[in-house]
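Report on the structure given below.
The values are calculated or read from the model by the stated rules, or taken from the named source; none is laboratory data. Note that this is a predicted model, so its numbers are computed, not measured. Counting neighbours? That spans all protein chains shown, and the Cβs are built from the backbone with ideal geometry, glycine included.
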Amino acid sequence: MNKAKDNNSFYQRTLKEPIRCVGVGLHTGKNVSVVVHPAEVDTGINFLRKDAKPGKKYIPGRWYNVVETQMCTTIGNESGTTIHTIEHLVAALRGSGIDNALIEVDGPEIPIMDGSALPFIQTINNVGSIAQDAQRKIIWIQRPIEYRSGDKYAIFMPENKSRYTVQIEFDNPLVGTQTLSFDLNQQNFSKHIAPARTFGFIEQFKKHEDMGLIKGGSLTNAVVVAGNQVLNKEGLRFKDEFVRHKILDCIGDFGLIGFQVLGHYFAKMPGHELNNQVVRTLLSRRDAWSFISVEDYYRLTGVLPETHQDQVQDQKQKKFAGLWSIKTATARR
């Protein structure tokens, strides 16, 4: 008998019961309440905006419904109903192994909470999740898929795990160049990525305030950098919290694919726009990946996608630069 036959990894999961979070919207400044409900198999993660008009409330949480990527990910439907800043909650659900959920929000934006996915993770863990009677499917990268836009660059490479390697470069003495490689599984995500908060520079905050943006931003829900100092009294949660948060955003944006992606994602200076364009490029390249159940993947490889050993690695700049040149040459063959 297959020793993993009864492994819950083969099956889709949803919440055991609804969860509720209340907070302020980072960009709108409005108080909002969000309730995440369990959902049926094969429905994915979807949204319902309670304050919208009847018939205009529902927004499928899919990559093709992304309507704006400036400073956050915004999804919308054909009726013009939109919901902002969905990425942290989607990342928390995906990072917790949740496949199906209905997110009900009573305003225009998901609450920012403390700027990270940690409050969502803690609330999800309080109720737990259950396996459902349907096979879990994954996208398994078979060939390199590359996307470039100006100084931003990304590529998916074949890999028997969900791995993220991200590099950021900022002209700031505190942030500078940071690179991190991360293998996605539930324990790893909760410990190393979920606590990383959104961040910005003091001059940006002042500019955005003058433009009427980030109306809900404060030191309680974002890391604010001024020169070589962090203005938040408690400081940083990680010395490289900035790049960790970029990985968090990647996981949230890729969550709109609807399926876990097995592959190594390299990205230089990723943002919500780059992430969405990479998703569109990935899904347009049907020759570059396989759509397979987790059980069939296990039979082929003998490995369960989420049982790889926890791994979070700082990458030395020299090694990372060499890696970029190798993968770029491979992708262009």
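Out of everything in the range 160-196 that is hydroxyl-bearing (Ser, Thr, Tyr) and under 19 Å from residue 96 (Cβ atoms), what residue ends up being surrounded by the most Cβ atoms within 10 Å (Cβ to Cβ)? Working first, answer last.
First, the residues of the range 160-196 that are hydroxyl-bearing (Ser, Thr, Tyr): 162, 164-165, 177, 179, 181, 190.
Within this subset, residues satisfying the condition of being under 19 Å from residue 96 (Cβ atoms) are 162, 164, 190.
Numbers: 162: 25, 164: 23, 190: 19.
By that ranking, first place goes to 162.
Pull out all pairs, ordered by first then second residue, where Cβ-Cβ is under 6 Å, the residues are six or more apart or on different chains, the first lies in the range 49-66 and is among the small types (Gly, Ala, Ser), and the second is in a helix (DSSP H, G or I).
Pairs that qualify, where the first residue is among the small types (Gly, Ala, Ser) and the partner is in a helix (DSSP H, G or I), are 61/256.
Mind checking which pairs have a first residue in the range 278-307 that is under 12 Å from residue 10 (Cβ atoms) and a second that is basic (Lys, Arg) and surrounded by 15 or more Cβ atoms within 10 Å (Cβ to Cβ), Cβ under 6 Å, 6 or more apart or different chains?
If the second residue must be basic (Lys, Arg) and surrounded by 15 or more Cβ atoms within 10 Å (Cβ to Cβ), the pairs left are 293/137; 294/136.
As an exercise: evaluate residue 91 against (1) surrounded by fewer than 22 Cβ atoms within 10 Å (Cβ to Cβ); (2) part of a helix (DSSP H, G or I) and give the number of the one condition it does not meet.
Here residue 91 clears every test but (1).
Wholly within the range 1-49, which strands (runs of 3 or more DSSP E) include no fewer than the required count, namely at least 1 residues that are at pLDDT 95 or above, hydroxyl-bearing (Ser, Thr, Tyr) and more than 20 Å from the chain's Cα centre (by Cα)?
On the way: elements: 11-15, 19-24, 31-38, 45-49.
By residue number, 11-15, 31-38.
Hey, does the range 136-159 have a residue that's surrounded by fewer than 19 Cβ atoms within 10 Å (Cβ to Cβ), touching a His at 6+ places or on another chain (Cβ under 9 Å) and under 21 Å from residue 266 (Cβ atoms)?
Scanning the range 136-159, I find at least one residue that is surrounded by fewer than 19 Cβ atoms within 10 Å (Cβ to Cβ), touching a His at 6+ places or on another chain (Cβ under 9 Å) and under 21 Å from residue 266 (Cβ atoms), so the answer is yes.
All but one of (1) assigned to a loop (DSSP other than H, G, I, E, B); (2) closer than 19 Å to residue 49 by Cα hold for residue 97, so report the exception by its number.
Of everything listed in (1) assigned to a loop (DSSP other than H, G, I, E, B); (2) closer than 19 Å to residue 49 by Cα, residue 97 misses just condition (2).
Select from the range 57-71 the residues that are part of a loop (DSSP other than H, G, I, E, B) and either modelled with pLDDT of 95 or more or surrounded by fewer than 18 Cβ atoms within 10 Å (Cβ to Cβ) (or both) and list them in ascending order.
Those that are part of a loop (DSSP other than H, G, I, E, B) and either modelled with pLDDT of 95 or more or surrounded by fewer than 18 Cβ atoms within 10 Å (Cβ to Cβ) (or both): 57, 61, 62, 69, 70.
Would a scan of the range 143-166 turn up a residue that is farther than 30 Å from residue 301 by Cα, hydrophobic (A, V, I, L, M, F, W, C) and not in a loop (DSSP other than H, G, I, E, B)?
No, there is no match, as no residue in the range 143-166 is farther than 30 Å from residue 301 by Cα, hydrophobic (A, V, I, L, M, F, W, C) and not in a loop (DSSP other than H, G, I, E, B).
For the range 72-88, give me each residue that is surrounded by fewer than 22 Cβ atoms within 10 Å (Cβ to Cβ), of a type in the set (S, T, N, Q) and in contact (Cβ under 8 Å) with a residue 24 or more places away in the chain.
79, 81, 82 - these are the residues of the range 72-88 that are surrounded by fewer than 22 Cβ atoms within 10 Å (Cβ to Cβ), of a type in the set (S, T, N, Q) and in contact (Cβ under 8 Å) with a residue 24 or more places away in the chain.
Pick from the range 25-39 the residues that are under 17 Å from residue 50 (Cβ atoms) and among the aliphatic types (A, V, I, L, M): which of them is surrounded by the fewest Cβ atoms within 10 Å (Cβ to Cβ)? Break it down into steps so the answer makes sense when it comes.
Going residue by residue through the range 25-39, those that are under 17 Å from residue 50 (Cβ atoms) are 25, 28, 30-37, 39.
Applying the additional criterion that residues be among the aliphatic types (A, V, I, L, M) yields 32, 34-36, 39.
On the way: 32: 24, 34: 24, 35: 16, 36: 26, 39: 20.
My answer is 35.
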